[in-house]
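A.B. asks: What follows is a structure written as structure tokens; I'll ask about it next.
The values are calculated or read from the model by the stated rules, or taken from the named source; none is laboratory data. Because the structure is predicted, anything quoted here is derived from the model rather than measured. Glycine gets a Cβ as well: all are built from the backbone with ideal geometry, and neighbour counts include every protein chain shown. Side chains are part of the model used for accessible areas, which takes the heavy atoms of the whole protein and leaves out ligands, DNA and RNA. Shrake-Rupley method; radii C 1.70, N 1.55, O 1.52, S 1.80 Å.
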Amino acid sequence: MEAVVASAPGVLPEALAVTDRLAAADDDLASLARATRALAGLVSYGTSRGGDAGATEVIAALCARAFGRAVLRIAGACVGDDEAVAPAREAIRVLHEVALGGGAGARHVDRELYLRTVRPLIDDDHLHAACAGQLAGLLYLAEQLGEDEVTALIERRVSDRAAPAAAAAFVEGFLSVNALVLVKNRHVVAALDRFIQGIPADRFREVLPLLRRALAGLGATERRYLVENLLGHRQLGAQPQAVAALAARDVAALTAASTDLAAAMDDLDDLL
């Protein structure tokens, strides 16, 4: 990276050779994903700055090889406890962005290899459930999974009441991608509601931390969509108590905004 950024062509061939040798022997998913992101960025940088065409082609080829090695190691890196799979979850985001993000590097990596590899993993019960949920969420947002497929997948993954912790982990991974788009889906919300209601009372304490973690990242907008769709699913939307509860939150938010605006106007008056 330093050789390219500093336009040091005398150093670049040796740097590329060493990088290629290291990448060929690297079996760590997180390391390969970081290398892929860096190389994809260099491809874009070289193209935009009119760098050496030969070097750009070599970097692009190296990016493609690192990407391919990384993709083939996703499944193996997604097995273990929460701590063990944490690097894999970050790596998945990186590889997904490189493959489907639309950057210049995407033209040089095997997008179909990525999709063929990860598509079966969302149904693989041997993987850590949070990784499977994250992959499902990413594929859904990339429009590689339809509404019906997502609904059926969630219903299957959360239907095993004997393993509610795994189901909650899948939900956490799923919502970690983009909660707003997901909680706006009434079918998804209905499946999640049925899952939570179906958790045995003696297992709820075990699952509660995972559920809190899954829902803790929801902002005010996401929570509102979630509540509205939940009320609609339970056919409570027309009940005065439910409407009043939602309206009260709106009134409180508007009151706070009005107070902030008034304070800002006072400060402006003081300045003028």
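A.B. asks: Just reorder His108, His128 by solvent-accessible area, largest first, 1.4 Å probe, all chains present.
C.D. replies: Numbers: His108 70, His128 30 Å².
The ranking, largest first, comes out as His108, His128.
A.B. asks: Would you mind telling me the share, in percent, of accessible area of region 87-231 contributed by carbon and sulfur at probe 1.4 angstrom?
C.D. replies: Details: 3540 of 6830 Å².
The value for region 87-231 is 52 percent carbon and sulfur by accessible area.
A.B. asks: Which cross-chain or sequence-distant (5 or more) residues have an amide H under 5 Å from the amide H of His128, H modelled 1.01 Å from N in plane?
C.D. replies: Counting only residues 5 or more places away or on other chains, the set is Val79, Gly80.
A.B. asks: Classify region 1-48 from the C-alpha gyration tensor, please: rounded if a/c falls under 1.5, else prolate or oblate depending on whether a/b exceeds b/c.
C.D. replies: Values: a/c = 3.06, a/b = 1.41, b/c = 2.16.
Oblate is the answer for region 1-48, as a/c is 1.5 or above yet b/c matches or exceeds a/b.
A.B. asks: Okay, next question. In whole Hz, with x marking every Gly and Pro, tabulate ³J(HN,Hα) for region 212-228 from phi via Karplus 6.51 cos²θ - 1.76 cosθ + 1.60, θ = phi - 60°.
C.D. replies: Each residue of region 212-228 in turn: 4, 5, 5, 9, 5, x, 6, x, 4, 5, 4, 5, 5, 4, 4, 5, 4 Hz.
A.B. asks: Given H placed 1.01 Å from N in the peptide plane, which residues other than close sequence neighbours of Leu218 have an amide H under 5 Å from its amide H?
C.D. replies: none
A.B. asks: So which trypsin sites (Lys or Arg not before Pro) in region 115-197 pass both tests, a DSSP loop state and at most 14 other Cβ atoms within 10 Å of the Cβ? Can you show the working numbers first?
C.D. replies: Numbers: sites: Arg116, Arg156, Arg157, Arg161, Lys184, Arg186, Arg194; in loops: Arg161, Lys184.
The qualifying sites are Arg161.
A.B. asks: So, in nm, how far is label Gln144 from label Arg212 when the simple model puts each one 7 Å beyond its Cα toward the Cβ?
C.D. replies: Between Gln144 and Arg212, the label points sit 3.4 nm apart.
A.B. asks: Excluding ligands, DNA and RNA, what is the solvent-accessible area per residue of region 16-156 at a probe of 1.4 Å, expressed in Å²?
C.D. replies: Values: 6570 Å² over 141 residues.
Solvent-accessible surface per residue comes out at 47 Å².
A.B. asks: Take the Cα coordinates of region 120-175, assign each an equal point scatterer, and use the Debye formula without solvent to give log10 I(q)/I(0) at q = 0.23, 0.26, 0.27, 0.31 Å⁻¹.
C.D. replies: Listed by q, the Debye log ratios stand at -0.81, -1.02, -1.10, -1.37.
A.B. asks: Let me cross-check Thr221: its accessible surface, 1.4 Å probe, with only protein heavy atoms counted, in Å² to the nearest 10?
C.D. replies: 80 Å²
A.B. asks: Continuing with this model, one more query. Would you kindly find the accessible area of Asp193, with a 1.4 Å probe and non-protein molecules such as ligands, DNA and RNA excluded, rounding to the nearest 10 Å²?
C.D. replies: Accessible surface of Asp193 is approximately 10 Å².
A.B. asks: Related question: Would you give the gap between the C-alpha center of region 105-159 and the C-alpha center of region 188-230, rounded to a whole Å?
C.D. replies: Taking the Cα centre of region 188-230 as reference, the centre of region 105-159 is 21 Å away.
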